[in-house]
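Just below is one structure, and these are the notes that go with it.
The values are calculated or read from the model by the stated rules, or taken from the named source; none is laboratory data. Here the structure is a predicted model, which means the values were calculated and not measured. Cβ placement follows ideal geometry from the backbone for every residue including glycine, while neighbour counts extend to all protein chains displayed. For the accessible areas, the whole protein counts, side chains as well, though only heavy atoms, and no ligand, DNA or RNA atoms are used. Shrake-Rupley method; radii C 1.70, N 1.55, O 1.52, S 1.80 Å.
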Amino acid sequence: MGEFEIRRNPHPTPPEERAAALANPVFGTQFTDHMARVTWTSASGWHDRRVEAFAEIPLSPAAAVLHYAQEIFEGLKAYRRDDGSVWAFRAGANAARFVRSAQRMAMPELSVADFLDSLSALVSVDAAWVPSGAETSLYLRPVMFAAERFLGVRQARRYEYLVIASPVGSYFAGGVKPVSIWVEQETRRAGPGGTGSAKCGGNYAAAMLGQVRAYEHGCDQVLFLEAGGGTAIEELGGMNVFVVLDDGSVATPALTGSFLEGITRASVLALLEDRGVSVVERSVSLSELLSGAGSGQVREMFACGTAAVVTPVGRLVGEGFEVSVAGGVPGELTMSIREQLMGIQYGRIEDRWGWTTRLA
């Protein structure tokens, strides 16, 4: 571990342009003036820790990542509180998952300390980019990729780690409202023994065709089923799912290693259990979900993830069916959990779990 050298951007965004970007941030389209960066080589390990100008990266056409997709990333947010300070939510959990993803993809492990220091270094320099509007935040995207110029199939001898940042508003256009879900029954996102539990770009590439089909059917997101022709639901293209039953209990697909262990998912589980809600991590079949939505046994359904936080599900669509969930309106528990989670993130509710960390 070492301190991050600050190499300031000589041509930062003019304040008036930055203010315009922060007034109505659109997810993932505008980026701050700087990025954090660390380089790894087999000879020197992790070195050259710095914050430098956000810029294009020269990359050889023979760079290993372009051919063998050895890449991992994370996603978390920095929130501006009423007193002007900036805080991250569960950054240590993101750091630990980044280590697990690196292990699965045979990449060098970045220490938790370096991960956290890179966030603090970047946000301290670009703190003016953290928006203060309702439901806005600074989205942080750490990423590591194989940068060696070499076409042989082996671990690369050079990797780059970056953190870029983007001011964001609500993930879904139009704000919080029940989303429509396309249930993908033809393709699968990942399978047992694969990379489903690692946060790597290949998993998201595997989900793209299903997402295209979702859009073609007028849906916002895609829900994948288990591999091997099974019918148990797993996760959306980028979010975990929860089902609220008519007896007040909650079910969510059990972790099998073929889909991501979401940090928002873990947070929701903790909040539900703290309320005394009966929560079961188990297999949830598509037939159970559809019949329950039709009979009212499924009282609510919601998706959760860093970008969208907690989002109600109002409709399920697939080959041969279309059903409404909870009459297509946001559920009471869904919105209550969403409000509590965001209250902790923005510092409006006491953080009894120690989930938040000050960055600036």
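Could you check the simple spin-label distance between residue 335 and residue 67, using points 7 Å along Cα→Cβ, in nm with one decimal?
Taking the simple label geometry, residue 335 and residue 67 are separated by 5.5 nm.
Treating the angle as unsigned and between 0 and 90°, give the value, to the nearest 10°, between the Cα long axis of helix 286-295 and the longest Cα principal axis of the chain.
50 degrees
Going by alpha carbons, how many degrees (0 to 90, nearest 10) lie between the helix axis of 201-216 and the longest principal axis of the chain?
50 degrees
Using amide H atoms built in the peptide plane, which far-off residues or other-chain residues are under 5 Å from residue 359 H to H?
Answer set, sorted by chain and number: 86, 87, 88.
With a 10 Å radius around each residue's Cβ, average the other Cβ atoms per peptide and rank 42-50, 113-121, highest first. Each step should come with its number before you reach the end.
Numbers: 42-50: 13.1, 113-121: 20.0.
Peptide ranking by packing, descending: 113-121, 42-50.
At 0.36 nm per residue, minus the direct Cα-Cα distance, what do residue 358 and residue 273 gain on full extension? Give it in nm, one decimal, please. List each step's numbers first, then the result.
Values: separation 85, 0.36 × 85 = 30.60 nm, distance 2.61 nm.
Contour length minus the Cα-Cα distance gives 28.0 nm.
Separation between the residue 254 and residue 85 pseudo-spin-labels, each 7 Å from Cα along Cα→Cβ, expressed in nm?
Reported label-point gap for residue 254 and residue 85 is 4.1 nm.
What order, most packed first, do the peptides 152-158, 69-75 have when packing is the mean number of other Cβ atoms within 10 Å of each residue? Mind dumping the intermediate values first?
Working: 152-158: 14.4, 69-75: 20.3.
Final packing ranking: 69-75, 152-158.
Check residue 318: other-chain or 5+ apart residues with amide H under 5 Å from its amide H, H built from backbone geometry?
183
Using the Karplus equation 6.51 cos²θ - 1.76 cosθ + 1.60 (θ = phi - 60°), what ³J(HN,Hα) coupling, rounded to whole Hz, does each residue of the range 332-341 give in order, writing x for Gly and Pro?
Values per residue, Gly and Pro as x: 5, 5, 3, 6, 5, 5, 4, 5, 5, 4 Hz.
Which order do the peptides 229-242, 208-221 take when ranked by the mean count of other beta-carbon atoms within 10 Å per residue, highest first? Can you show the working numbers first?
Numbers: 229-242: 21.2, 208-221: 17.0.
So the peptides 229-242, 208-221, ranked by packing, come out 229-242, 208-221.
Taking R0 as 35 Å, what FRET efficiency do you get between residue 106 and residue 209 from their Cβ-Cβ distance, rounded to the nearest 0.05? Let's see the in-between values first.
Details: r = 26 Å, r/R0 = 0.75.
Here the calculated transfer efficiency is 0.85.
Under the Karplus relation 6.51 cos²θ - 1.76 cosθ + 1.60, θ = phi - 60°, what is the ordered set of whole-Hz ³J(HN,Hα) values for the range 221-235, x standing for Gly and Pro?
These are the phi-based 3J(HN,Hα) values: 9, 10, 10, 9, 9, 5, 6, x, x, x, 10, 6, 6, 10, 8 Hz.
Tell me the label-point distance for the pair residue 132, residue 177, using the 7 Å Cα-to-Cβ offset, in nm and rounded to one decimal.
3.0 nm
Percent of Cα-Cα pairs per 10 Å bin, from 0 to the last occupied bin, for the range 280-360, please list those.
Percent of pairs per bin, in order: 16, 38, 27, 15, 4, 0.
What is the set of long-range amide H partners of residue 34 at a cut-off below 5 Å, with H atoms built 1.01 Å from backbone N?
HN-HN under 5 Å from residue 34: 54.
In nm, what is the difference between 0.36 nm times the number of residues separating residue 44 and residue 350 and their Cα-Cα distance? Don't skip to the end; give the middle numbers.
Working: separation 306, 0.36 × 306 = 110.16 nm, distance 4.32 nm.
Roughly 105.8 nm would be gained on extension.
Hey, can you find the accessible area per residue of the range 27-176 for me, probe 1.4 Å, expressed in square angstrom?
On the way: 5900 Å² over 150 residues.
Dividing the accessible area of the range 27-176 by its residue count gives 39 Å².
Which percent of the accessible area of the chain is formed by carbon and sulfur heavy atoms (probe 1.4 angstrom)? Kindly include the intermediate steps, with their values, before the conclusion.
Working: 7760 of 15170 Å².
Summing carbon and sulfur atoms, their accessible area is 51 percent of the total for the chain.
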